[in-house]
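Asks: Just dropping this structure here.
The values are calculated or read from the model by the stated rules, or taken from the named source; none is laboratory data. These numbers come from a predicted model, not from an experiment. Neighbour counts are summed over all protein chains in view; Cβ atoms, including those assigned to glycine, are modelled from backbone coordinates with ideal geometry. To get the accessible areas, we keep the full protein, side chains included, count just its heavy atoms, and leave off ligands, DNA and RNA. Shrake-Rupley method; radii C 1.70, N 1.55, O 1.52, S 1.80 Å.
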Amino acid sequence: MDNNLVLSPLQISILVYQHLLITSVTLPIEMLRAGEAYAKGHLNSGTFRPLTINLIAEDGEAIKNRSGLAILPDHTYGTAPYSDLIIVPGIWRNPRPVVRANSGLVQWLASSWQTGSSIIGVGTGNCLVAEAKLLNGHPATTHWHYAEQFKRNYPQVLLKPDFFITQSERLYSVASLNALADVIVHIISQYYGQAAAQHVERNFSHEIRKPYEDQRYLEGAVDRHPDELIAQIQFWLKNNLTTEQSLTEVAQLFSLSYRSFTRRFRIATNQSPIEYWQQLRVQTAKELLASSNLSIQEVALEVGYNDQGHLTRVFKKVLSQTPSEYRKVVRRKLFGS
């Protein structure tokens, strides 16, 4: 392989308009750049793709906003490049005037979706996505304050106001900045791998956060996939973390050969049963470390590891920190002054 090979950039576009919530522009840019910087130092040149981030507007004029900082667009919708990902920022107060003033951006969103772009709508920015009719028949969420009006304006959208995140195919909808951060971490893991995503998450947020996959509303999901037997096995695994049975024996409980079990599990979940099993145990251990006074040894036993050393090795591999270090960080955030 040519070590000097440079892959084409990942194209990220962020819509900009009057009355946007500027943190829903700056936060994803800073997180994506942090993920890119980490990946550049850890991935080989044959797999690393740099980012190109463009601000896309209705016209080329500078955009003033509530922060007092003027935003200079890189492109209008007429000159905008193909985008792998488009972020549609939140809007202060009533979004309807912004939607009416940006009909060109609305049409560009619709055409970009048709050519393969993924789209993240943030808060009331989801009104622009809905105006493009991309959310008709699909789940979405929005800022809680605008939920009832959103229902009236876009009755064909399957609004899920109790969820902070929804996903339908390449359409992501988030209700808040924290939810946007969770989706951006997920996107970074897709672009640059889990290590880069964890690096960004550690540097931008020390709160206890559920993984993106655990909190989204995913359209058409049966435990997030349609294989009902595998969903039953996942439910069994979640409720039997301390079982001494091997995964081969678990497969037999459900009348599957281990080979068939692993094949179907990977097709359904995009990970192996062993990876899923470890993920469940680590997530439960994180919750116990944060919310209980159990010792590290007791936490290890609660999640099915036979000793503290085993749990520590897994934590260092998955999270790049020990259980004790994780507990100190999250407790400082939750209970510190």
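Asks: Does the stretch 146-178 hold any residues that are of a type in the set (A, V, I, L, M), in contact (Cβ under 8 Å) with a residue 24 or more places away in the chain and outside any strand (DSSP E or B), and which are they?
Replies: Selection gives Ala175, Leu177.
Asks: Just the residues that are more than 27 Å from Gln149 (Cα to Cα) and either assigned to a helix (DSSP H, G or I) or open to solvent by 20 Å² or more (accessible area, probe 1.4 Å) (or both), please, taken from the stretch 81-97.
Replies: Pro81, Tyr82, Asp84, listed by residue number.
Asks: Still on this structure, please answer the following. Could you check the stretch 40-74 and list, in sequence order, the residues that are of a type outside the set (D, E, K, R) and without any contact (Cβ under 8 Å) to a residue 40 or more places away in the chain?
Replies: Gly41, Gly60, Ala62, Gly68, Ala70, Leu72
Asks: I would also like to ask the following. Among (1) open to solvent by 70 Å² or more (accessible area, probe 1.4 Å); (2) at pLDDT below 90; (3) of a type in the set (A, V, I, L, M, F, W, C), there is one condition Ile274 misses while meeting the rest; what is its number?
Replies: With (1) open to solvent by 70 Å² or more (accessible area, probe 1.4 Å); (2) at pLDDT below 90; (3) of a type in the set (A, V, I, L, M, F, W, C) applied to Ile274, the lone miss is (2).
Asks: Looking at the stretch 174-190 only, could you name the residues that are open to solvent by 10 Å² or more (accessible area, probe 1.4 Å) and either under 8 Å from the mean Cα position of the chain (by Cα) or charged (D, E, K, R) (or both)?
Replies: Residues satisfying the conditions are Ala181, Asp182, Val185, His186.
Asks: Moving to a separate point now. Scanning the stretch 270-319 for residues that are β-branched (Val, Ile, Thr) and in contact with a Phe, Trp or Tyr (Cβ under 8 Å, 6 or more places away or on another chain), which turns out farthest from Trp236 (Cα to Cα)?
Replies: Checked the stretch 270-319; the qualifying residue farthest from Trp236 (Cα to Cα) is Val314.
Asks: So which residues in the stretch 143-154 are touching a strand residue (DSSP E or B) at 6+ places or on another chain (Cβ under 7 Å) and under 14 Å from Ser173 (Cα atoms)?
Replies: Ala147, Phe150, listed by residue number.
So that you can scan it fast, the table gives a plain yes or no per residue for (1) touching a Lys or Arg at 6+ places or on another chain (Cβ under 7 Å); (2) in a strand (DSSP E or B); (3) among the aliphatic types (A, V, I, L, M):
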| position | (1), (2), (3) |
| --- | --- |
| Val99 | no, no, yes |
| Gly104 | no, no, no |
| Ser112 | no, no, no |
| Ile119 | yes, yes, yes |
| Lys133 | no, no, no |
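Per-residue answers, yes or no, for (1) among the β-branched types (Val, Ile, Thr); (2) in contact with a Leu (Cβ under 8 Å, 6 or more places away or on another chain); (3) on the phi < 0 side of the Ramachandran plot; (4) surrounded by 14 or more Cβ atoms within 10 Å (Cβ to Cβ):
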| site | (1), (2), (3), (4) |
| --- | --- |
| Leu289 | no, no, yes, yes |
| Ser295 | no, no, yes, no |
| Glu302 | no, yes, yes, yes |
| Phe315 | no, no, yes, yes |
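Asks: Search the stretch 138-173 for residues being of a type in the set (Phe, Trp, Tyr) and at pLDDT 90 or above, and hand back the single one that is nearest to the chain's Cα centre (by Cα).
Replies: So the residue we want is Tyr172.
Asks: While we're here: Among the listed residues Ala110, Ala37, Ala70, which satisfies the condition of being of a type in the set (A, V, I, L, M, F, W, C) and at pLDDT below 95?
Replies: The match here is Ala70.
Asks: Consider the stretch 56-68. How many of its residues are assigned to a loop (DSSP other than H, G, I, E, B) and over 28 Å from the mean Cα position of the chain (by Cα)?
Replies: 6
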